[in-house]
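First up is the structure itself, then whatever we jot down about it.
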Amino acid sequence: MVQLNDLMKETNHDIYRIKTVARGPIGKLPLTDQMLRKSPSGDLFGLSQNVGMGWSPNELDGKQVLLLSTQGGLKDEEGNPLALGYHTGHWEVDLLMKEAANEVVKNAGIPFAAYVSDPCDGRSQGTPGMFDSFPYRNDAAMVYRRLIRSLPTRDAVLGIATCDKGLPAMIIALASIHDLPTVIVPGGVTLPPLYGEDAGKVQTIGARYANDELSLEEAAELGCMACATPGGGCQFLGTAATAQVIAEALGITVPHAALAPSGQGVWKEMARQSARAIIAMEKENLTTKDIITNDAIHNAMVIHAAFGGSTNLLLHIPAIAHAAKCDMPSLEDWQRINKETPRLVSVLPNGPDHHPTIRAFLAGGVPEVMLHLRELGLLKENVLTVTGKTLKENLDWWEQSERRIRMKAILEEADGINADDVIMSKEKAVRRGLTSTVTFPSGNIAPEGAVIKSTSIDPSRLDENKVYYHKNTVKVFTSEASAIEAIKSKQIQKYDIMIVTGCGPLGTGMEETYQLTSALKHLSYGKYVTLITDARFSGVSTGACIGHVGPEGLAGGPIGKLRDGDIVEVIIDAKNLQGSINFLGTEGNEVTPEEGASILKNRKTNPEIKPSENLPDDTRLWAALQKVSGGTWKGSVYDVDRIIEVLEAGEKALQNNHTFAISPDR
């Protein structure tokens, strides 16, 4: 055990040179008679704080722009790590903050900066840390809102964020600030390694090694090279990249902002452009409520479908709409838009060519995809954006811009890739076999619905009509840990159907099960396995993986009543975006879907299903609050009016029960 003298030893005798008073800033605050008579004391003391932190008292009259970010980690003056962050996605956003702050100052503004860092879903995969991942989004959005309100003199807000939960939290927070100018600055993407694997595939080195498909030396080398640059979100169109794309589709970023390469000049310029936009918005009295409208939500859903985005955005876009007081998209809205909208983008993880996201940026990014979509009449071009122009005006500019030409030329020169092979016309996409993005199967296992990124099912597993069919007995797991152990110990075989239940909001905080989906994608037999779960998936997940099954097992859902050996039939029509997942009895006693529903109704929930013993109280509270607010199909939001209504009803019921219990008539 360390000795106290060793712990408290003094390495620098300067610690005894202690001052007890200081001169203080020189100058005078720009106070007026009216300010002293009418302003809150907090506004006046705020000026004292500003000069106390070093701002010139002669430069306190500018517009105040609050810069919020997810910055994590600590660097020295040369950019070397003094303390690591949680992930590359927030490691470099301080550089964006500095670029934006300097631009605000150039425009006679006063920048403020505050931070709420964010977790890494990749780092927490398969650990109890994942139980905090989705709930973090609601908590962080709340803290961001509190920080905004806690600077009462702010005139505008820039939100700078990158990754899976931090960026959705930031968008939700800013969407709720209806009467201020707000702009999102996406944190960009990291580059792929010159040799090796992307950050999605490399997360399967354990499963591949355990299945004798990778050597120890190969795993060590691949793991070292995967994050090729120190900043930005992962190189695939997962939740982080999709959230950047959605922010731009909503009109709350400058054009061609999503998926920029972190740390590079074009990325830094985007921060400066965003700062100029926020200054102009304040002058023109253009606020968030003018930009995030029902039509903007529509455009975001269309872009999600055209890119083939992460299914996690089915949780985040409704939450953004709720925060903006727009109409929350229904399941029918998602189905309609995915049927109308062709997928046009060929990137990781969907393919058919697995281009990293930097190539999607160079091919033209969101505005290039929008040019194709407006030809199809799928966009609402009348919406306003943070440029102060309509979407139509932005797209007209992009179509004729030098930037568009030069970005595509860079892609051709650097990687030998034609931009039209990354972002395609509808006709070319059809020829290449790209199918629409998302299907929402239902059936007696999922009476409230489920979701599968049907466009990412291995094409070899579809018949000539683009239908995936799988019928077999099931193997049931009541935790992700037991399921991944089964994969690593070779208990899962070709043509198995895996049921993973007890992993919804009530069980694990609706953990992300990328450990499972990534292993199945990159194991040789994985494309023949179907996974059905009440958990959610990473945005980089692919294959015959059906998630968000509702009701969840712990809420009495049928998925929680399945047993080993039950027969399940899965039908996914990837062309017409229809599907079903049904329990059909047991071997020797097959039944119809209707009969199966009746059997499940009368079955008891699997006694092995229970909330994880490591589930934090914070997550238990989140699960309860989002459940009474409408649950996952309503974006897992906090509907404050509904929560208060339920609490008051519960409190009244408890009081009545107490009164009944002590009645002398009993």
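Pairs of Lys residues in segment 40-187, spaced 8 or more positions apart or belonging to different chains, with C-alpha separations under 20 angstrom: 4 in total. Partner lysines whose Cα lies under 19 Å from the Cα of residue 389, excluding those fewer than 8 positions away in the same chain, are identified as 283, 289, 380. What net charge is computed for the residues neighbouring residue 301, neighbours being all others with C-beta under 13 Å from the C-beta of residue 301, Lys and Arg scored +1, Asp and Glu -1? Once all neighbours under 13 Å are counted, the net charge is -2. Shape analysis of segment 576-666 based on the Cα gyration tensor places the equivalent ellipsoid semi-axes at 37, 23, 16 Å, largest first. Of all DSSP-defined beta bridges confined to the chain, some 45% are antiparallel rather than parallel. Here r is the Cβ-Cβ distance between residue 610 and residue 589 and R0 is 22 Å; the resulting FRET efficiency, rounded to 0.05, is 0.15. Net charge of the neighbourhood of residue 84, taken over other residues with C-beta under 15 Å away and scored Lys/Arg +1, Asp/Glu -1, is -2.
Given R0 = 35 Å, the distance between the Cβ atoms of residue 399 and residue 123 translates into a calculated FRET efficiency of 0.30.
One entry in (1) 56; (2) 24; (3) 27 is percent of Cα pairs over 43 Å apart calculated from the shown coordinates; its label is (3). Think of it as helices only: each DSSP H run of n ≥ 4 in the chain is worth -39500 (n - 2.57), and spread over all residues that comes to -12000 deg cm²/dmol at 222 nm.
Peptide packing for 28-34, 434-440, 382-388 was compared via the average number of neighbouring C-beta atoms within 10 Å per residue; ordered from the highest value, the list is 434-440, 382-388, 28-34. Look at the alpha carbon pairs under 8 Å that are at least 6 residues apart: their mean separation over the length of the chain gives a relative contact order of 12 percent.
None of the figures in this text is laboratory data; all of them are computed from the coordinates on show. Every value quoted in this text rests on a predicted model; they were computed, and no experiment measured them. Here the Cβ is made from the backbone with ideal geometry for all residues, glycine too, and neighbour counts use every protein chain on show.
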